[in-house]
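Single-structure report; data block below.
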Amino acid sequence: MINEMTIEHNSSDVQHLQWVHGLTNYHTDLEDRTVTVISGEGWQFQYEGEDPIDMTEDLVIEIPANRSHKIIKGVTDLVVTIEIKE
């Protein structure tokens, strides 16, 4: 399953802010997933214990299940596609 999502950099919606808070703190996912960056400025991705990498357009990130990671907020909205592996 592939979903496109937008992570707003400056939202006042409480539910969206709680969701973004979960993404910007270290967390794990139960499934392998592939994230492809469509657009966004200043965002970074980081595995726990490693240096962050810039989330530039067309970057593909393979995230294994149960590996701790987070995103670091940028200055524009971040648009990505996420493919969840089954």
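The values are calculated or read from the model by the stated rules, or taken from the named source; none is laboratory data. In this text, all values refer to a predicted model and were calculated from it rather than measured experimentally. Here the Cβ positions follow ideal geometry from the backbone for every residue, glycine too, while neighbour counts run over all protein chains shown. The protein model used for the area step is the full one, side chains on, heavy atoms only, and it has no ligands, DNA or RNA in it. Shrake-Rupley method; radii C 1.70, N 1.55, O 1.52, S 1.80 Å.
Figures for the structure shown
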| quantity | calculated |
| --- | --- |
| Cβ-Cβ under 7 Å pairs, at least 6 apart or on other chains, segment 33-45 side charged (D, E, K, R), far side in a loop (DSSP other than H, G, I, E, B) | ARG33/LYS85; GLU41/GLY74; GLU41/VAL75; GLU41/THR76 |
| Hits in segment 18-65 - residues which are open to solvent by 80 Å² or more (accessible area, probe 1.4 Å), within 19 Å of MET1 (Cβ to Cβ) and of a type in the set (Ser, Thr, Tyr) | none |
